[in-house]
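The values are calculated or read from the model by the stated rules, or taken from the named source; none is laboratory data. Quick caveat, the model's predicted, so the values are computed rather than measured. Ideal geometry is used to build each Cβ from the backbone, glycine not excepted, and the neighbour counts take in all protein chains shown.
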Amino acid sequence: MGLDRRGFVKFVVGGVAGTLFTPVIWQGLDDASIWSQNWGWIPRVPKGEVKTKSALSKLCPSGCAVKVKVIEGKPFAAVGNAANPMSKGGVCPICAGGAQLLYSPARVKSPMKKVGEGKFEAIKWEDAEALLVEKLTPLKGQEGKIAAISGDETGSANEVLSALLSGLGNAGGFAVMPGEMYTATRGVKLMGGNGQPGFDIEGADLVLMIGADALDSWGTSVANLKAFAASHPTGGAATAQYIYAGPTLNNTASVCDKWLAVPPTATATFSLALAHALIEAGAVSSAADFAEYKALAAKAAAGFEAATGLKAEALKELAAKIKAAKAPLVVAGASFGQGAGALDFVAAASLNVLLGRVGQKGGMTVLGAAPKAIASAADRENAKDAASLLAQVATGKAAPAALLIYEANPAYALPQAAEMAKAMGNIAFKVSFSTYMDETAALADLILPAPHPYERYDDAMNPYGVAKATYLAGKPVLKQPVLDVKDPVDVLLAAAGKLGLSLGFETYADVIKAKAKALGADFDALAAGGIWNGEPKGGALSLGAGALAKAAPAAADEKAVALAPVTRLAYGSATLATPPANLLNVRDTELKGKDLFVQLNAATAKKLGVAEGNKVKLSAGGAEVKALVHVNEGVAANTAAILLGFGRSAWDEFTKGKGDNVYKILTVSDEAGTGLKVWAGSTVTVAKV
Amino acid sequence: MKAKEFNIKWGMVIDLDKCTGCGACMTACQVENNIAPMVDASNKLRTLSWMLVYELSNKKAAPDAEIAYLPRPCMQCGNPACVPVCPVVATDKNEEGGIVSQIYPRCIGCRYCMAACPYHARYFNWEDPVFPKGMEKALSPNTSARPRGVVEKCNFCHTRLMKAKDKARQEGGNPEALADGAYMPACVEVCPTGAITFGDLKNPEHKVHELAKNENAFRLLEKLGLAPQVYYMSKREWVRKLGDNYAATGKAGAAKKHS
C-alpha cells in the first residue's frame with residue numbers, strides 16, 4: 001500500500017493533533033523547565049519541624065533577648081522574645097541575622113599561633129592553653145606586666161578578668177574599651193553621685209536626646225524603640241514628643257518631631273545655652289551650685305549662635321516645649337557612643353537636675369553597684385580606659401609583657417587607630433579571645449576562638465541606658481559549637497588554676513549562676529528569656545557646675561570642620577564588622593564600591609570648595625581618610641559626617657578593604673578637669689585630591 | 001482596568017512616622033527568603049532586595065531638612081502591571097488573598113515584568129546564589145533558593161500563609177478566616193517599632209482594615225491605577241506628596257480609592 005499525498009497530510013495532521021492531546025509534550029516541557037533550574041550547586045533548603053529556643057544575643061552592644069528558630073538542630077533565624085520585658089519582642093538589625101553569623105567567613109575556626117608576620121598556624125587547644133600558662137607564669141606577681149582589655153560592657157566575664165589580674169598581682173592592668181557607660185559614670189561622680197546613670201524613656205512625655213542616637217545605636221536601642229512605638233500608636237495621636245539635637249539627621253532624628261543640628265564640637269555649649277533659656281523661662285534649682293551654674297549657662301548662651309550655627313530662637317522654642325511637658329527627660333550621650341568625655345555628659349544631664357527630673361518617673365536615675373559573683377573583682381568604673389593604656393604603652397610609661405584581649409578590637413576601634421595598633425607591637429605576647437578574625441586578632445601572637453552567642457553562656461548586667469537595675473542571662477542554643485571554640489572565661493579559669501590561683505569557679509556558666517543567685521534571680525527563668533530588675537534609684541545630684549567651670553572652650557580653627565563619625569547599628573559595632581547580610585542595607589550614597597562618602601551640607605561644601613562626587617581627603621593628627629563628597633542637608637553647619645566601621649584590614653571579603661577607617665582621624669585630647677581622654681570634638685581639614 | 005477582587009486581601013499599612021530606617025526588615029527578609037549575601041552590595045543594579053528601605057528627603061536646607069524612610073515590599077497590586085506582560089504566565093494574581101505569585105521554574109528571565117513594575121519591586125538573578133562556605137547550613141526552610149536567570153520578588157512570605165492556614169485547620173479553625181496576627185511576613189514580625197501593620201484589608205476585625213482608611217493613608221503612585229495592597233501613612237504632608245509623586249489632584253495625597 002503506497003502513501004499518497006493525502007495520506008501523508010492526514011498522517012502529519014493526525015500526528016500533530018494526537019501529540020497535543022497527549023500529556024507527554026506538556027509534561028516534558030514542565031520537567032525541562034524544572035530540571036533546567038535544578039542544578040546540583042543550587043543549595044537545597046532543610047525540611048522538618050521548626051523549633052524555637054531562647055537566647056541572649058550579644059552581637060549588638062546592648063544585647064537582644066531573642067527566640068532562635070531552629071530546624072534539624074540548626075539555627076536559621078532570630079526574632080525578638082515577646083516574653084522579655086526589655087525587648088518586648090523586638091530585635092535589632094544585627095541580631096536579626098545572628099544565625100548567619102554562626103557561619104561567618106570571618107570566624108576563627110580553631111586556636112592559632114603566630115608563626116610570622118601575618119602568618120598563623122592552627123594548633124590544638126591543649127597546646128594553646130599550655131602556651132598561655134607558659135607565658136603568664138614568669139609574669140605572675142610582677143606589677144604592671146600583665147594587662148587586659150575588655151570590649152564587653154555588661155558581662156560577668158569582666159569580673160573574672162579583673163579578679164584574675166588582681167590574683168596575678170596586676171590589679172591595675174584591667175582596661176575597658178571606650179563607651180558611654182565609662183564616661184557617664186564618671187560624669188555622675190562629678191555631679192556628686194555614684195553609679196551608672198539610667199534614663200526612663202518609657203515614662204517620659206518629652207524626650208530630648210542630646211547627641212544620644214537613642215533610637216538606633218545608643219543604649220538599649222530596641223527597648224528605646226519600643227518605648228517610642230508605644231507613645232506613637234499607629235493611626236493615633238502621639239503621647240510623647242521626641243527631639244534630637246546632634247550633628248546629623250540620623251535614623252533617630254528621622255522620626256523625631258524636631259532635629260536641631262548641633263555640631264559635635266558644640267554639645268556642651270548647646271546644653272548649657274538651653275539651661276540658660278530654661279532659667280530665663282523660670283526654671284530654678286535648689287542645688288547648692290545653682291548660682292555658679294546660672295552664670296556658666298549665661299556665658300554659654302552668649303556664644304551659642306557662633307558655636308552651633310543655630311538661631312537663639314530655636315532654643316527659646318525648645319525651652320517652651322520642655323516647660324510645657326509634664327515629664328521631660330534629657331538623654332545625654334555622644335552621637336557615636338564614645339569619646340565625649342564626662343563634661344558633655346554633665347552639661348546635658350544637669351538639665352535633668354535643673355528640671356527636677358532625677359529619680360522621677362520618666363526621668364533620670366542612678367543605678368547602684370550590682371552585687372558581684374567574684375568578690376576580688378574590681379568595680380568596672382575603676383578600670384582604665386584602653387586608649388589611655390595603649391597611649392602609655394606607646395610612650396613607655398606602661399610596659400606590660402602580656403596583654404589579654406577579650407571581645408575587643410583595640411587595633412581598629414580606638415581613636416588614632418594606627419598609633420594604637422603600633423603601640424600593641426611593643427607588647428611581647430598578645431592573646432586575642434575573639435569570635436572573628438578582626439584587626440586585633442591579626443596582630444595577636446595567640447588567637448583563642450570564642451563562641452558565637454548561640455554557642456555560649458553569657459550575661460548582661462545593666463546594659464547602658466536602662467532606668468532600673470537590669471540583668472539578663474542566656475545559655476547555648478546549640479549542643480555543640482559549629483567550630484572548635486571554647487569559652488574564653490572557661491579557658492581563663494583553667495589557666496588561673498594552673499597558675500595556682502583559685503577564683504572559686506570552673507566554668508563561666510557557674511559564674512553566671514552565682515551572679516544570678518547573688519541578685520536573687522532564677523537562672524533558668526533568665527535563660528528562658530526572663531529578666532531581673534532592681535528598683536530605680538534617684539539620689540541627690542548637683543548641677544556639676546564645679547566641673548563645668550573647668551571646661552576649656554574649644555579653640556576655633558577656621559580651616560577645620562568638626563568631624564561627626566556616624567554609627568548605624570545595622571552596619572556593625574566596635575566589635576563586629578558589617579555582617580554579610582547587612583551589607584545590602586548600606587546606601588550607595590554612603591559606600592560605593594570601595595569608596596566611602598563624606599556627607600557635607602551645601603553651605604559647608606561651598607565653603608570648602610568641594611562639590612558632589614569630588615574625591616577628598618580628611619586629615620587630622622597625621623592620619624588621613626579618603627572619601628567622595630555627598631552633599632546632604634542632614635548635616636550640621638561646618639561639620640563633616642562619615643560612617644564609622646568601614647576600612648577593615650582583616651575580617652572577610654565582604655568587609656575587607658571597603659572604605660576607610662575613620663577611627664584613624666579621631667584625635668585624642670585630655671579633658672580639662674577630669675583627665676579623661678576625649679575625641680568626640682575632633683576636627684579635620686578637608687582637601688580635594 | 002478593574003482590579004482583581006478576592007474575599008481576602010492581604011495588605012500592609014506602613015506608618016512612615018514610625019520607621020527609623022534601621023533595616024531590621026531587610027535583614028529578616030533576606031534570612032527568611034534565602035537571599036545570598038553579595039560581596040559588592042553597593043552595586044544596586046545587581047542586588048536582590050525584596051524589601052528595600054528608601055530614604056526620602058524634603059529637599060530643604062538645614063535646619064529645615066527632614067528625612068523619612070520608606071520600606072518597599074512588593075505592592076501586590078490589585079491590577080498588577082507585571083502579570084499581563086509575562087509571556088509564560090510565571091507570575092499571576094489568581095489566589096485568594098491577592099498575593100501576586102512568582103513561579104521560578106516557569107520564569108524564562110525575559111524581565112518584561114521588571115520593566116513593567118513601577119515600584120522596582122522585582123529583581124533579576126544575575127548570578128547563582130552563592131553562600132559563604134557553611135552558611136548554607138543556616139538556610140531557612142521557607143523559600144527555595146533560586147538559580148540565576150530568573151526574576152524574583154516579595155510574596156508576603158507566602159509559606160507563612162500556607163503554614164498559618166495549616167495550623168488553623170489542625171486546630172479546627174477556618175483557614176479562610178485567620179485571626180489578626182496569625183499570619184505575618186518576616187519584616188512585620190521583626191520590625192522593632194511595629195511600623196508595619198499587616199492583615200486582611202477586607203476583614204473589619206483586622207487592624208489594617210481601619211488603618212487603610214485613615215486620613216493620612218496613601219498608596220504609592222495611586223494615579224497609575226494599579227491598586228496596591230500596600231498602604232503608607234504619614235502625618236507629614238511632604239511625605240504624602242512624595243508618595244504620590246504629585247498625582248492627579250496635585251494636592252497632598254491623591255483621591256483615595258478604598259475597596
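For this structure, a couple of remarks:
- Close Cβ contacts (under 8 Å, 6 or more residues apart or on different chains) running from residues in the stretch A:584-609 that are within 12 Å of A:A637 (Cβ to Cβ) and within 7 Å of chain B (Cβ to nearest Cβ) to residues that are among the β-branched types (V, I, T) and outside any loop (DSSP other than H, G, I, E, B) comprise A:N601/A:V631; A:N601/A:V635; A:N601/A:T639; A:A602/A:V631.
- So A:A230, is it in contact with a strand residue (DSSP E or B) (Cβ under 7 Å, 6 or more places away or on another chain) and farther than 30 Å from A:F429 by Cβ: no
- Residue under evaluation B:M184, criteria (1) aliphatic (A, V, I, L, M); (2) within 14 Å of chain A (Cβ to nearest Cβ); (3) assigned to a helix (DSSP H, G or I), criterion not met: (3)
- First in the stretch A:257-274 and over 15 Å from A:V566 (Cβ atoms) and assigned by TED's automatic domain parsing to the domain that holds A:N601, second anywhere and surrounded by 24 or more Cβ atoms within 10 Å (Cβ to Cβ) and among the β-branched types (V, I, T), Cβ under 9 Å, 6 or more apart: none
For every residue, the table says whether it meets (1) farther than 16 Å from A:D458 by Cβ; (2) among the charged types (D, E, K, R); (3) touching a Phe, Trp or Tyr at 6+ places or on another chain (Cβ under 8 Å).
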| residue | (1), (2), (3) |
| --- | --- |
| A:C60 | no, no, no |
| A:I71 | yes, no, no |
| A:A82 | yes, no, no |
| A:A99 | yes, no, yes |
| A:K113 | yes, yes, yes |
| A:K119 | yes, yes, no |
| A:E134 | yes, yes, no |
| A:A148 | yes, no, yes |
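- Positions within the stretch A:229-249 being facing chain B (nearest Cβ under 9 Å) and either polar (S, T, N, Q) or surrounded by 24 or more Cβ atoms within 10 Å (Cβ to Cβ) (or both), in sequence order: A:T234, A:L249
- Per the conditions (1) closer than 30 Å to A:A175 by Cα; (2) in a helix (DSSP H, G or I); (3) in contact with a Phe, Trp or Tyr (Cβ under 9 Å, 6 or more places away or on another chain), the sole criterion not satisfied by A:A300 is (1).
- Cβ-Cβ distances below 9 Å connect the following pairs, each with a first residue in the stretch A:118-130 that is without any contact (Cβ under 8 Å) to a residue 40 or more places away in the chain, a second residue that is of a type in the set (A, V, I, L, M, F, W, C), and a separation of six or more residues or different chains: A:E121/A:M112; A:E121/A:V115; A:A122/A:M112; A:I123/A:M112; A:I123/A:L131; A:I123/A:L446.
- Answer from A:A214, A:A253 - the residue that is touching a Ser or Thr at 6+ places or on another chain (Cβ under 8 Å), in contact (Cβ under 8 Å) with a residue 24 or more places away in the chain and surrounded by 22 or more Cβ atoms within 10 Å (Cβ to Cβ): A:A214
- Test for A:G539: is it more than 27 Å from the chain's Cα centre (by Cα), without any contact (Cβ under 8 Å) to a residue 24 or more places away in the chain and outside the structural domain of A:S335 (by TED's automatic domain parsing): no
- Count - residues of the stretch B:27-74 that are among the aromatic types (F, W, Y), more than 7 Å from every other protein chain (Cβ to nearest Cβ) and touching a helix residue (DSSP H, G or I) at 6+ places or on another chain (Cβ under 8 Å): 1
- Matching entry among A:A291, A:A319, A:A314, A:A301 (being touching a Leu at 6+ places or on another chain (Cβ under 9 Å) and closer than 26 Å to A:G539 by Cα): A:A319
- Residues being closer than 15 Å to A:L296 by Cα and either modelled with pLDDT of 75 or more or among the acidic types (D, E) (or both) - total across the stretch A:537-559: 10
- Which listed residue is away from chain B (no Cβ under 12 Å), in a strand (DSSP E or B) and modelled with pLDDT under 95, from A:A562, A:A640, A:A650: A:A562
- Of A:V684, A:V662, all but one fail to be hydrophobic (A, V, I, L, M, F, W, C) and farther than 30 Å from A:L101 by Cα; the exception is A:V684.
- For the stretch B:192-215, the tally of residues that are buried (at least 19 other Cβ atoms within 10 Å of the Cβ) and at the interface with chain A (Cβ under 8 Å from one of its Cβ atoms) stands at 6.
- Any hit, the stretch A:598-620, residues being more than 28 Å from B:L56 (Cβ to Cβ) and assigned to a loop (DSSP other than H, G, I, E, B): yes
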